[in-house]
1. Using the structure shown, decide if Leu271 is under 18 Å from Pro131 (Cα atoms), under 15 Å from the mean Cα position of the chain (by Cα) and part of a strand (DSSP E or B).
2. Would you be able to tell me the number of residues in segment 1-21 that are within 16 Å of Ala81 (Cβ to Cβ) and either in a loop (DSSP other than H, G, I, E, B) or not hydroxyl-bearing (Ser, Thr, Tyr) (or both)?
3. Please determine whether any residue of segment 249-268 is in a strand (DSSP E or B), among the polar types (S, T, N, Q), in contact (Cβ under 8 Å) with a residue 12 or more places away in the chain and closer than 25 Å to Ile139 by Cβ.
4. Restricting attention to segment 28-82, which residues are among the charged types (D, E, K, R) and either in contact with a Ser or Thr (Cβ under 9 Å, 6 or more places away or on another chain) or surrounded by fewer than 16 Cβ atoms within 10 Å (Cβ to Cβ) (or both)?
5. For segment 48-93, how many residues meet the condition of being in a loop (DSSP other than H, G, I, E, B), within 25 Å of Ala105 (Cα to Cα) and touching a strand residue (DSSP E or B) at 6+ places or on another chain (Cβ under 7 Å)?
6. When residues of segment 83-94 are filtered for being surrounded by 13 or more Cβ atoms within 10 Å (Cβ to Cβ) and among the aliphatic types (A, V, I, L, M), how many remain?
7. May I ask you to list the residues in segment 18-47 that are out of contact with any strand residue (DSSP E or B) (no Cβ under 9 Å at 6 or more places or on another chain), within 23 Å of Cys288 (Cα to Cα) and of a type in the set (Lys, Arg)?
8. It is to be established whether one or more residues within segment 95-115 are β-branched (Val, Ile, Thr), more than 22 Å from the chain's Cα centre (by Cα) and closer than 29 Å to Glu291 by Cα.
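The values are calculated or read from the model by the stated rules, or taken from the named source; none is laboratory data. Owing to the predicted nature of the structure, the values given are computational and were not obtained by experimental measurement. All Cβ positions, glycine included, derive from the backbone under ideal geometry; neighbour counts span all protein chains shown.
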Amino acid sequence: MKIAFIVDPLAGLKAYKDSSIAMMRAAQARGHSVFTIQRETLSARDGEVSAQAVALEVHSDDHAWYSERGTQKLPLNSFDAVLMRQDPPFDAEYVAATWLLERAAANGARIFNNPAAIRNHSEKVSIAEFPQFTPTTLIAREAGELNAFIDELGDVILKPLDGMGGSGIFRVRRDEPNRNAIIEMLTALGTRTIMAQRYLPQIAEGDKRVLLIGGEVMPYCLARIPMAGETRGNLAAGGRGVAMPLTAREREIAEYLAPVLWSRGLLIVGLDMIGGHLTEINVTSPTCMVEIATQTGYDIAGKVIDVLSGTS
């Protein structure tokens, strides 16, 4: 197969932990051809969507992990699969890319995750579809409503809807003297909608990333445990990643969601759970495959390629 990965600039990817690179290595090891695409090269002419595709040979050396083998402009439907793996922010250009990718899919390209599903599944707001699994959650931008939520619950997490890696996340207690300033900043003085969730003290045991691949629940999650004095477990915020089997509650939630999300064309999904509560559904570029493989030997990246090739 010819598999293309739409990713961030290659020079900035960290091969020792990057899930997209792990999938490229798994694809090449199975005899498939690997290409990368930069989102800004996507274009549509007379309905045909093309992009500049760089043919790669990938290596095991994390410091020199690839060699370029040539670049050419190719229609997306010339590939056997295209994986959209660019990180947020989910801005207007990201939305424009989903429009182009959706048109390519209509012309026969196999795009994962499904571009319409990426666009329609806000990684924060999508949990509102499954309130039976979530902590008490408010999505709003009006300061009075957010303040009332904080007063009611006493201890909450506030976060933007378009962030990643723990950026812009605040823990705000009822007696927080700066809470009005925090709300003003996050909502841009009431012009941006944010999420507020009941604070879950089980974060001390880890913000669990549970991966779903092709509608199947992976047997291990990565518990991202906050460093001392930190509320956020995100690895980008200094959290420590520990792979572990799923709890019964985590598996219950994941097994419920897996077929629903796969039916929408979401091949790779990262569920975030704290204390048996669903806090986010990540569909843009879910990660943690490398850490799980390193600690348990379970090859999730290879599982993705096997699903794509129909061997799993």
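1. Criteria met by Leu271.
2. Of the residues in segment 1-21, 7 are within 16 Å of Ala81 (Cβ to Cβ) and either in a loop (DSSP other than H, G, I, E, B) or not hydroxyl-bearing (Ser, Thr, Tyr) (or both).
3. No, segment 249-268 contains no residue that is in a strand (DSSP E or B), among the polar types (S, T, N, Q), in contact (Cβ under 8 Å) with a residue 12 or more places away in the chain and closer than 25 Å to Ile139 by Cβ.
4. Within segment 28-82, Arg30, Glu40, Arg45, Asp46, Glu48, Glu57, Asp61, Asp62, Glu68, Arg69, Lys73, Asp80 meet the criteria.
5. 4
6. Residues meeting the conditions: 2.
7. Arg30
8. no
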